[in-house]
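Here the structure is laid out as structure tokens; the discussion comes afterwards.
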């Protein structure tokens with residue numbers, strides 16, 4: 001093997017690229033890639049198809065080289081995961097069924113797309129996992145709560161009565177800071193009732209991610225209940241089908257698994273995403289937030305009118321991603337009413353260098369060197385927009401606990417309207433106290449040359 005100092009630039013880049021590929025596309029998912037570097041990965045040999053009429057499934061499948069026996073169906077909706085029988089690439093098959101230009105294709109198909117992968121942003125970048133060595137004192141006394149004025153907000157409410165769903169890698173149910181706050185939840189990876197973290201520190205890049213996220217919700221809304229919904233594997237990877245299932249479970253089934261029984265999530269945290277916009281997530285995120293309603297009676301378990309009237313919809317909090325650019329991540333960039341795309345800020349009250357940004361990002365929150373819970377009862381430090389998002393989710397829980405009648409869109413708008421400007425470029429930073437009517441504040445800015453151009 002060549003010594004590092006003697007390796008060519010080409011070889012070094014190749015090794016880096018291969019390392020990143022191994023992190024982005026874990027072997028357990030056997031993903032395929034598109035033709036360019038801008039394409040994200042998707043599961044092979046299957047496709048997501050929505051029909052105008054479910055009764056057409058068999059005829060559509062036989063006419064288009066698909067297995068008429070679906071791999072899965074989305075409740076009673078005419079949305080199916082179908083196996084490709086003729087070896088066609090899923091993107092090619094999707095375009096043949098429903099071309100992007102609208103001409104040709106199968107007119108019985110409303111949309112068709114690959115089952116794209118979704119990941120925790122920290123896993124996508126191939127960054128190290130949390131840094132061990134913190135303790136409960138560091139967790140409580142860190143800089144982030146002061147930056148968003150949590151102590152003042154807690155004089156008004158601590159989030160009692162709110163349920164916050166964490167769609168992630170699972171949560172350690174034995175952690176002392178979380179055990180009395182967790183609801184039962186569900187595991188959509190192994191499809192069982194045990195949504196705990198699985199994996200090993202230092203081996204699986206996503207291990208501990210969900211527990212870290214849950215700890216930040218517990219910190220910001222200590223009396224809210226947390227609903228763990230496992231949609232990502234230990235490497236921090238999942239797919240849009242499982243994510244959509246988890247979204248509707250959180251808002252329709254809730255902790256007891258019964259439809260619309262009163263304990264559904266009013267806030268959903270998504271510290272994950274995909275670099276490809278999809279019809280499926282567009283549709284389900286809008287349903288979850290009640291920005292749109294499924295009024296076509298195609299799902300016996302889905303009474304959107306009832307749920308939306310009673311709960312006002314769920315505020316969906318989505319991490320903007322760690323691309324360090326304006327590149328969009330979804331569902332953060334869906335532009336759905338009731339959804340908040342969250343960037344990360346640092347202790348200098350500026351946009352964190354790693355954070356994604358752009359005019360599609362709504363709000364920022366502390367995301368650099370954040371201390372939170374990790375599996376095994378400990379505490380660790382992690383950085384990313386995944387850490388910023390749950391602080392916003394917790395603030396929404398405080399707001400909706402104080403004003404239960406707020407609809408999802410109203411709650412989301414309030415947080416943005418009361419946020420304080422960052423120093424330099426970037427979206428405004430969360431101010432939990434101001435959102436509760438305690439007056440705004442201004443951050444302290446030090447002289448610094450901006451490294452990024454907001455919205456550019």
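Summary of computed values
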quantity	calculated
One residue from 395, 389, 402, 364 being under 16 Å from residue 146 (Cβ atoms) and out of contact with any helix residue (DSSP H, G or I) (no Cβ under 6 Å at 6 or more places or on another chain)	364
Residue in the range 315-324 that is on the phi > 0 side of the Ramachandran plot and crowded, with 24+ Cβ neighbours inside 10 Å present	yes
So residue 76, is it at pLDDT below 50, under 28 Å from the mean Cα position of the chain (by Cα), part of a loop (DSSP other than H, G, I, E, B) and outside the structural domain of residue 198 (by TED's automatic domain parsing)	no
Only one of 111, 116 that is surrounded by fewer than 22 Cβ atoms within 10 Å (Cβ to Cβ), closer than 25 Å to residue 246 by Cβ, in contact (Cβ under 8 Å) with a residue 60 or more places away in the chain and touching a helix residue (DSSP H, G or I) at 6+ places or on another chain (Cβ under 9 Å)	111
Residue match in the range 3-22 (condition: in a loop (DSSP other than H, G, I, E, B), modelled with pLDDT of 80 or more and either over 30 Å from residue 236 (Cβ atoms) or touching a strand residue (DSSP E or B) at 6+ places or on another chain (Cβ under 9 Å) (or both))	no
Test: residue 126 is under 25 Å from residue 354 (Cα atoms), in a loop (DSSP other than H, G, I, E, B) and either in the same structural domain as residue 346 (by TED's automatic domain parsing) or at pLDDT 95 or above (or both)	yes
Every residue from the range 144-163 that is assigned to a helix (DSSP H, G or I) and surrounded by fewer than 14 Cβ atoms within 10 Å (Cβ to Cβ)	146, 151
Hey, residue 344 buried (at least 24 other Cβ atoms within 10 Å of the Cβ), assigned by TED's automatic domain parsing to the domain that holds residue 179 and part of a strand (DSSP E or B) or not	yes
Filter pass, residue 179 being in the same structural domain as residue 222 (by TED's automatic domain parsing), touching a residue at least 40 places away in the same chain (Cβ under 8 Å), surrounded by fewer than 24 Cβ atoms within 10 Å (Cβ to Cβ) and assigned to a loop (DSSP other than H, G, I, E, B)	no
Count - residues of the range 397-418 that are free of Cβ contacts under 8 Å to residues at least 60 places away in the same chain, outside any helix (DSSP H, G or I) and within 16 Å of residue 313 (Cβ to Cβ)	1
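The values are calculated or read from the model by the stated rules, or taken from the named source; none is laboratory data. Computed from a predicted structure; not experimentally measured. Quick reminder, even Gly has a Cβ in these numbers, built from the backbone with ideal geometry, and neighbours come from all protein chains shown.
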